[in-house]
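See structure below.
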Amino acid sequence: MTQVYTKNSITLLAAIAMGTGVMIGAGIFALTGQIAELAGPLFPLSFVVGAIVTAFSAYTYVKMSNAFPSSGGIAMILQKAYGPTTVAAGAALLMTLSMVISESLVARTFGTYAMRALGREADSILVPVLGVGLIVFAYLVNISGSRAVGLLSIVMAALKVGGITLFGAAGLWASGITFEASVGEAGATGFVASVALSILAFKGFTTITNSGAEVTNPHQNVGRAIVASIAICVVVYLLVAFAVGSSLSLDRIVAAKDYALAEAAEPALGKTGFYLTVALALVATASGLIASVFAVSRMLTMLTDMKMIPHSHFGMPGTIKDHTLVYTVVIAGFLTVFFDLSRIASLGALFYLVMDIIIHIGVFRHLRHDIKARGWVLLTAIALDAVVLMVFAVSKWQSDPLIVILGLTFMALVFLFERVFLARHPIPKIQHNQHK
């Protein structure tokens with residue numbers, strides 16, 4: 001690659017912290033209420049099923065990262081599976097867009113919780129303003145370098161995991177370990193559709209994949225960090241889901257879906273608990289955004305170095321990596337201003353699941369023997385993703401058809417754009433056979 005990365009700058013602990021940082025930032029604070037809206041009283045179980053589907057998907061990423069650790073790792077996986085083709089470039093760009101969408105999701109969540117602390121409504125115009133401010137802060141931290149991101153991720157991850165665990169335990173204890181959200185409808189279609197958002201809550205593990213070349217002992221530690229971060233998050237998610245369900249009825253969770261944890265904290269823990277939960281949400285979303293911006297900028301740099309996307313510095317000084325940081329925060333800021341939390345989450349889930357299926361198919365067809373992967377695991381991952389994607393798309397078509405139309409349109413434009421770009425700027429043949 002043309003960019004210089006600092007090898008061994010991210011320790012195993014820092015890699016785990018980055019993965020959990022991105023997941024907890026989006027998964028708990030932004031998605032718990034939306035998952036409950038779809039899954040009904042079974043919403044804690046949705047996190048379990050989402051973790052199972054994610055575990056099958058993570059198998060591919062662990063195997064590929066152990067064999068070929070790389071910064072911008074998902075782009076590397078796609079190129080090795082498909083070569084420098086429209087499919088590889090389009091799917092990589094979809095993943096990048098999914099990650100940027102998640103950044104805007106987290107940024108709006110930050111603004112929403114901040115407004116609740118001030119006694120303002122979640123639809124205040126200040127929500128996107130605060131979200132954009134957080135994105136700018138994440139940019140400033142990222143230009144400080146990999147070590148700064150890694151150190152901040154460790155500190156904030158410790159605060160988040162410890163604080164959220166205490167919130168869950170205290171909430172359960174205060175409520176007498178009852179489950180107030182047990183009353184409500186639970187349809188099979190809604191539950192399966194909710195799993196798409198649960199998967200989105202776990203997809204932050206790809207942050208580790210996209211920083212592989214900078215992790216110490218990457219052939220082993222990238223996989224270890226992915227497994228550890230998913231395991232930590234499923235425990236935290238379940239604890240918090242039961243705590244929220246013990247404090248609020250299902251109707252109240254859905255009504256406060258954009259700030260469900262803050263709403264659940266007050267009846268269980270009082271006003272002090274409410275403010276502590278809001279503070280925890282602000283820390284969690286901030287650290288998650290910082291880690292996500294770090295990973296997305298690496299992936300965009302990888303795509304640029306692979307000649308899969310165009311690049312212009314627009315008169316800016318610095319390296320391609322510096323420029324991609326700017327592109328990342330500008331796009332995330334735009335989405336934060338113009339989309340609400342529900343639609344942001346839906347778009348992110350659609351893009352991610354499509355990209356994930358493309359990766360598994362490519363690895364199954366071309367690389368599974370090279371990386372010694374079990375074919376049945378890859379096929380199971382494809383099947384699970386496909387079922388969840390179809391049910392989620394049908395559910396959204398019934399409730400919000402515009403978001404399905406937008407998703408399909410954006411995906412078609414991405415692949416059309418890549419087809420035209422690669423036709424005009426063909427990539428030189430790589431030196432070795434990618435499909436040996």
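The values are calculated or read from the model by the stated rules, or taken from the named source; none is laboratory data. Here the structure is a predicted model, which means the values were calculated and not measured. Here Cβ is always computed from backbone atoms with ideal geometry, including for glycine, and neighbour counts include all displayed protein chains.
Kindly check whether there is at least one residue in region 59-70 that is under 17 Å from Val195 (Cα atoms) and polar (S, T, N, Q). Reasoning before the result, please.
As a first pass, look at region 59-70 and keep what is under 17 Å from Val195 (Cα atoms): none.
No - not one qualifying residue is present in region 59-70.
Applying the selection to region 363-383, what residues are under 25 Å from the mean Cα position of the chain (by Cα) and surrounded by fewer than 16 Cβ atoms within 10 Å (Cβ to Cβ)?
Leu379, Ala383
Got a number for residues in region 190-229 being among the small types (Gly, Ala, Ser) and within 17 Å of Ala67 (Cβ to Cβ)? Break it down into steps so the answer makes sense when it comes.
Of all residues in region 190-229, those among the small types (Gly, Ala, Ser) come to 190, 193-194, 196, 198, 201, 204, 211-213, 223, 225, 228-229.
Filter again for within 17 Å of Ala67 (Cβ to Cβ), leaving 211-213, 223, 225.
Summing the residues that are among the small types (Gly, Ala, Ser) and within 17 Å of Ala67 (Cβ to Cβ) in region 190-229 gives 5.
Name every residue in region 351-377 that is part of a helix (DSSP H, G or I) and farther than 17 Å from Gly73 by Cβ, in order of residue number.
Applying the first criterion (part of a helix (DSSP H, G or I)) to region 351-377 yields 351-366, 375-377.
Listed by number, the residues that qualify are Phe351, Leu353, Val354, Ile357, Ile361, Phe364, Arg365, Gly375, Trp376, Val377.
Pairs please, first residue from region 384-413 and surrounded by fewer than 19 Cβ atoms within 10 Å (Cβ to Cβ), second anywhere and at pLDDT 90 or above, Cβ atoms under 8 Å, 6+ apart in sequence or on different chains.
Here the result reads Ala386/Ile357; Val387/Val192; Val394/Ala193; Trp397/Val404; Phe410/Phe351, each pair linking region 384-413 to a residue that is at pLDDT 90 or above.
Within region 20-63, which residues are modelled with pLDDT of 90 or more and of a type in the set (D, E, K, R)?
Answer for region 20-63, where residues must be modelled with pLDDT of 90 or more and of a type in the set (D, E, K, R): there is none.
Just for helices (runs of 4 or more DSSP H) wholly inside region 19-101: which have at least 1 residues that are of a type in the set (A, V, I, L, M) and surrounded by fewer than 24 Cβ atoms within 10 Å (Cβ to Cβ)? Quick ask: steps written out before the conclusion?
Values: elements: 32-39, 43-67, 73-82.
The helices (runs of 4 or more DSSP H) meeting that bar are 43-67.
Quick one: Gly375 ticks every box in (1) touching a residue at least 12 places away in the same chain (Cβ under 8 Å); (2) farther than 21 Å from Thr85 by Cβ; (3) not hydrophobic (A, V, I, L, M, F, W, C) bar one, so which box is it?
Gly375 satisfies every listed condition except (1).
Restricting the first residue to region 174-203 and requiring it to be surrounded by fewer than 16 Cβ atoms within 10 Å (Cβ to Cβ) and modelled with pLDDT under 65, which pairs with a second residue that is in a loop (DSSP other than H, G, I, E, B) and small (Gly, Ala, Ser) meet a Cβ separation below 7 Å and a spacing of at least six or different chains?
Val183/Ser249
Within region 132-143, identify whether any single residue is modelled with pLDDT of 85 or more, in contact with a Phe, Trp or Tyr (Cβ under 6 Å, 6 or more places away or on another chain) and not hydroxyl-bearing (Ser, Thr, Tyr), and answer yes or no.
The first filter runs over region 132-143 and keeps only residues modelled with pLDDT of 85 or more, leaving 132-137.
Going one step further and asking which of them are in contact with a Phe, Trp or Tyr (Cβ under 6 Å, 6 or more places away or on another chain), we end up with 134.
Imposing the further condition that a residue be not hydroxyl-bearing (Ser, Thr, Tyr) reduces the set to 134.
Within region 132-143, one or more residues are modelled with pLDDT of 85 or more, in contact with a Phe, Trp or Tyr (Cβ under 6 Å, 6 or more places away or on another chain) and not hydroxyl-bearing (Ser, Thr, Tyr).
Since Ala279 meets every condition but one in (1) part of a helix (DSSP H, G or I); (2) among the hydrophobic types (A, V, I, L, M, F, W, C); (3) crowded, with 19+ Cβ neighbours inside 10 Å; (4) within 23 Å of the chain's Cα centre (by Cα), which condition does it not meet?
Answer for Ala279: the failing condition is (3).
Can we say Leu261 is out of contact with any Ser or Thr (no Cβ under 6 Å at 6 or more places or on another chain) and assigned to a helix (DSSP H, G or I)?
no
Quick one: is Thr328 among the β-branched types (Val, Ile, Thr), surrounded by 19 or more Cβ atoms within 10 Å (Cβ to Cβ) and either modelled with pLDDT of 75 or more or touching a Pro at 6+ places or on another chain (Cβ under 7 Å) (or both)? Give the derivation first.
On the way: among the β-branched types (Val, Ile, Thr): yes; surrounded by 19 or more Cβ atoms within 10 Å (Cβ to Cβ): yes; either modelled with pLDDT of 75 or more or touching a Pro at 6+ places or on another chain (Cβ under 7 Å) (or both): yes.
Yes, satisfied.
Modelled with pLDDT under 85, touching a helix residue (DSSP H, G or I) at 6+ places or on another chain (Cβ under 9 Å), closer than 14 Å to Met308 by Cβ and surrounded by fewer than 24 Cβ atoms within 10 Å (Cβ to Cβ), is that true of Thr2? I'd like the intermediate steps shown before the answer.
Details: modelled with pLDDT under 85: yes; touching a helix residue (DSSP H, G or I) at 6+ places or on another chain (Cβ under 9 Å): yes; closer than 14 Å to Met308 by Cβ: yes; surrounded by fewer than 24 Cβ atoms within 10 Å (Cβ to Cβ): yes.
Criteria met by Thr2.
So for region 220-231 (the condition being in a helix (DSSP H, G or I), under 23 Å from the mean Cα position of the chain (by Cα) and within 16 Å of Ser46 (Cα to Cα)), does at least one residue qualify? Walk me through how you get there before you give the answer.
In the first step, residues of region 220-231 are kept if they are in a helix (DSSP H, G or I); the result is 220-231.
Applying the additional criterion that residues be under 23 Å from the mean Cα position of the chain (by Cα) yields 220-231.
Narrowing further to those that are within 16 Å of Ser46 (Cα to Cα): 230-231.
For region 220-231, residues in a helix (DSSP H, G or I), under 23 Å from the mean Cα position of the chain (by Cα) and within 16 Å of Ser46 (Cα to Cα): present.
Only one of these is touching a Leu at 6+ places or on another chain (Cβ under 9 Å), of a type outside the set (Ser, Thr, Tyr) and under 19 Å from Pro310 (Cα atoms): Ala92, Ala67. Name it. I'd like the intermediate steps shown before the answer.
On the way: Ala67 fails: under 19 Å from Pro310 (Cα atoms).
Answer to the selection: Ala92.
Just checking, which of Ala107, Ala158, Ala114 is of a type in the set (Gly, Ala, Ser), at pLDDT 80 or above and either out of contact with any Gly (no Cβ under 7 Å at 6 or more places or on another chain) or not in a helix (DSSP H, G or I) (or both)?
Numbers: Ala107 fails: either out of contact with any Gly (no Cβ under 7 Å at 6 or more places or on another chain) or not in a helix (DSSP H, G or I) (or both); Ala158 fails: at pLDDT 80 or above.
The conditions single out Ala114.
Identify, please: which residue in region 102-113 is among the β-branched types (Val, Ile, Thr) and under 18 Å from the mean Cα position of the chain (by Cα) and is, among those, surrounded by the most Cβ atoms within 10 Å (Cβ to Cβ)?
Filtering region 102-113 for residues among the β-branched types (Val, Ile, Thr) gives 106, 109, 112.
From the residues that got through so far, the ones that are under 18 Å from the mean Cα position of the chain (by Cα) too are 106, 109.
Working: Val106: 33, Thr109: 31.
Filtering first and then ranking leaves Val106.
Looking at region 238-264 only, could you name the residues that are over 25 Å from the mean Cα position of the chain (by Cα) and crowded, with 24+ Cβ neighbours inside 10 Å? Outline the logic, then answer.
Step one: list which residues in region 238-264 are over 25 Å from the mean Cα position of the chain (by Cα), which gives 246-252.
Within region 238-264, Ser247, Leu248 meet the criteria.
Is it true that some residue in region 293-312 is modelled with pLDDT of 80 or more, buried (at least 24 other Cβ atoms within 10 Å of the Cβ) and of a type outside the set (Gly, Ala, Ser)?
The initial filter retains those residues of region 293-312 that are modelled with pLDDT of 80 or more, namely none.
Within region 293-312, none of the residues are modelled with pLDDT of 80 or more, buried (at least 24 other Cβ atoms within 10 Å of the Cβ) and of a type outside the set (Gly, Ala, Ser).
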